[in-house]
Each structure stands twice: as structure tokens, then as C-alpha cells.
Amino acid sequence: MRDVILRFLSQIPAPVWFALGVFALWCLHGPLDDLVAIARGRIPTPSDLRKAGKTKEWKKASAEHVPVVSGSRASMASDPHARLLAPSFPNALCNDNPVNVLEVASVEDTRKMLEDSWGIMNRADLVTRIYRLLCGDHSKGYAALRSRCADPEWVERVLEDLDKTVDKSTMDVEMCWRIHRFLNNDRGIQDVEFAAWDLMRAAMLTRSGFALGWLSEDEAWDTLALINHALQMHYSSWDEAWEAYRLGRWLWAAEGPEEEAADDMHDRARGAYLLGKRGLWKSLPWDAPIPESRFLLLDAVAATGRLQVLSVSNWRKASAWERELDAQARWRTPLAMGGKPIVH
């Protein structure tokens with residue numbers, strides 16, 4: 001039998017053998033590619049993206065977001081500092097920053113990012129910007145725009161005015177995109193609570209401030225505790241918070257289809273590293289106890305004279321988080337209602 005098989009195989013033409021070899025390599029390409037990705041700490045290409053011919057795009061996005069961990073991944077589960085840093089993970093993945101320590105990969109790159117993207121040049125700028133994010137800097141604006149979009153007359157008037165603008169600015173174009181997204185309820189944007197978009201970026205700025213020496217270590221951890229507390233007041237899970245952050249960023253970007261597709265791939269890769277099978281957030285319980293904040297950030301902002309308090313009408317319609325933050329601000333603002341919380 002053995003001789004018969006060998007005689008049969010010897011009669012197969014070389015071109016056929018070559019074709020069979022190519023076919024075998026093609027069949028093994030996916031599994032081998034996945035093994036290489038895993039060995040390099042990346043996530044294999046999802047089957048839907050492979051079928052859609054998006055393997056190259058996924059490889060690029062995946063490679064740009066590989067987590068950098070100081071020490072072992074296993075130790076993060078019991079590390080209280082890793083839990084406090086968790087809201088900063090999305091940004092850390094984009095900048096090769098270690099996810100579980102306060103330090104950043106490049107202090108100079110961080111300084112440039114703060115200057116160019118945020119206009120932050122010093123400690124006063126930094127603490128004020130973090131405070132404004134905690135107060136809902138962008139999220140309140142998006143919620144207000146969503147409410148205005150419920151008024152057909154307002155929408156018609158604004159879109160007509162924008163259409164008449166000859167030299168449209170980037171802000172004009174972005175406003176048009178945002179209005180249409182609300183009108184069409186794209187991605188369920190009508191029901192999104194946008195706070196995570198502000199709070200997770202506040203965590204990033206907190207880390208950046210420590211890296212540049214504008215926040216002490218005590219202030220940084222205390223502010224991260226405050227941010228985690230705020231997130232827990234707004235959301236019930238990492239999945240919910242991530243979805244809110246992702247959609248907040250999508251609304252902020254407000255770009256055309258091509259750019260939107262690239263951003264979606266970018267965030268899908270980040271989401272996979274955060275919430276995938278071995279995601280960073282999977283080992284960090286959402287409802288883990290968080291140290292009680294001393295609101296040291298508000299002390300720093302008070303020193304700049306930039307604390308703000310809610311009016312009586314705004315206090316009445318404020319969320320529980322907004323009221324808590326406002327009460328702490330009032331104790332630090334001597335001229336605001338005698339420095340005491342409003343009592344109703």
C-alpha cells in the first residue's frame with residue numbers, strides 16, 4: 001500500500017503540487033496571522049473585518065493601541081492605583097503611556113499636547129480646565145444642542161444661516177454635522193449621557209498635570225478618585241461608560257464618512273483592548289470601592305479665583321453630581337451665599 005501511495009504521489013505534476021502548497025498557505029494565513037498578533041500583544045483581526053477586506057486597517061489600528069503595562073497584567077487586578085487610573089486608559093492607549101502608573105512616556109510630548117490642543121500653559125490653566133470638564137464643559141453643550149434640535153424653527157433658521165455662509169469655517173461644518181446627527185438620531189445619540197466624554201479626558205489631563213509637575217501626587221490621586229466617583233454616579237458599568245465616551249468623541253469629531261470610518265476603526269481597537277476577552281477594564285471591577293476625595297482640585301481652583309457656583313434656577317434642575325460639586329465649591333467661595341450650600 002505504501003508503494004502504491006508513493007507511486008501515485010510521484011505522478012502528480014509539479015504545477016499541481018505548487019498550487020496545492022499555495023492553497024494550504026492561504027488556508028493557514030488567517031490562523032498564523034492571529035498567532036503572530038497574539039504573540040505581539042495585539043488583538044487578531046475580527047472575522048467581520050477580515051471578510052470585508054479590512055485586515056490591513058485593523059492591523060494598523062490594533063498596533064497603535066497595544067497596552068503598555070508597568071509590571072504584570074495580573075497584578076493590576078489588586079492594585080488600587082490601577083483602578084483609580086482606569087478612566088485614563090483610553091487616552092493612555094493612544095500615547096504609549098503605561099496604563100497603571102501616573103508617569104507618561106514623554107513629558108515633552110505631553111507638554112506640547114497640552115499647549116497645542118488645550119491651550120494649557122501652567123498649573124492655573126490645568127486645574128481650571130479639569131474643573132470645567134468636571135462641571136460638564138462639553139457634555140452640557142451637547143445636551144443643550146440636542147434640546148435645540150427638537151425645535152424645527154431653530155434648526156431651519158440655523159441651517160439656513162450656515163448655508164448662506166460663503167467661507168464656512170471648520171466650526172460651521174461641524175455644527176451642520178452635529179445637527180443632522182441629532183435630527184437623524186444617528187447611533188441613538190438622542191439617548192446618550194455625554195458626561196464620560198468630559199470625565200475621561202479630565203483623567204487624562206490629571207495624569208498630564210502630574211507628569212509636568214503642576215499637580216502633586218496627592219492632588220493627582222485625589223482628583224482621580226473624584227473623577228471615578230463622578231463616573232459611578234453617571235453610569236453603571238465600564239461598557240456603558242465606554243459607549244458614552246465613544247459616542248461623545250464621535251459627536252465631537254463630526255466628520256465626513258471617510259474620516260468617520262477611520263475614527264470608528266480607531267475606537268473599535270481601543271474598545272477591544274479595554275473590554276475584549278482580556279480587556280484592561282475586565283480585571284478592574286466597576287463598583288470597586290473608591291477612596292473618598294478631599295476635593296483638592298477645588299482648593300487649587302479656588303486659589304485662582306475661578307470657582308463658579310450654580311444659580312438657584314440651575315441648582316434646581318442640576319443632577320446629583322452637579323449639586324455635590326457645587327456644594328463643595330460654595331464652601332470654598334467666600335462670597336457665594338456666605339460660603340454655604342444653598343438650602344431648599
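The values are calculated or read from the model by the stated rules, or taken from the named source; none is laboratory data. Everything quoted here is computed from the prediction, not taken from an experiment. Ideal geometry is used to build each Cβ from the backbone, glycine not excepted, and the neighbour counts take in all protein chains shown.
Output the residues belonging to the range 51-110 that are of a type outside the set (A, V, I, L, M) and touching a Lys or Arg at 6+ places or on another chain (Cβ under 6 Å).
Listed by number, the residues that qualify are Ser62, His65, Ser88, Pro90.
Picking from Trp321, Trp242, Trp281, Trp252, which residue would you name as being among the aromatic types (Phe, Trp, Tyr), more than 16 Å from the chain's Cα centre (by Cα) and in a helix (DSSP H, G or I)?
Only one candidate passes the filter, namely Trp321.
So Ala241 clears everything in (1) assigned by TED's automatic domain parsing to the domain that holds Ala202; (2) closer than 24 Å to Asp191 by Cα; (3) modelled with pLDDT under 95; (4) aliphatic (A, V, I, L, M) except one condition, right? Which one?
All conditions pass for Ala241, except number (3).
For the list (1) closer than 26 Å to Asp191 by Cα; (2) in contact (Cβ under 8 Å) with a residue 12 or more places away in the chain, I need the number of the one condition that Asn97 fails.
(1)
Of everything in the range 66-87, what is within 26 Å of Ala230 (Cα to Cα), touching a residue at least 40 places away in the same chain (Cβ under 8 Å) and outside any helix (DSSP H, G or I)? Give them in sequence order.
Pro67, Ala77
Given the options Arg146, Arg132, name the one that is on the phi < 0 side of the Ramachandran plot and either touching a residue at least 40 places away in the same chain (Cβ under 8 Å) or in contact with a strand residue (DSSP E or B) (Cβ under 7 Å, 6 or more places away or on another chain) (or both).
Of the residues listed, the single one that is on the phi < 0 side of the Ramachandran plot and either touching a residue at least 40 places away in the same chain (Cβ under 8 Å) or in contact with a strand residue (DSSP E or B) (Cβ under 7 Å, 6 or more places away or on another chain) (or both) is Arg146.
Do we find a residue being surrounded by 22 or more Cβ atoms within 10 Å (Cβ to Cβ) and touching a residue at least 40 places away in the same chain (Cβ under 8 Å) anywhere in the range 183-190? Give the derivation first.
So in the range 183-190, the residues surrounded by 22 or more Cβ atoms within 10 Å (Cβ to Cβ) come out as none.
No, because not a single residue in the range 183-190 is surrounded by 22 or more Cβ atoms within 10 Å (Cβ to Cβ) and touching a residue at least 40 places away in the same chain (Cβ under 8 Å).
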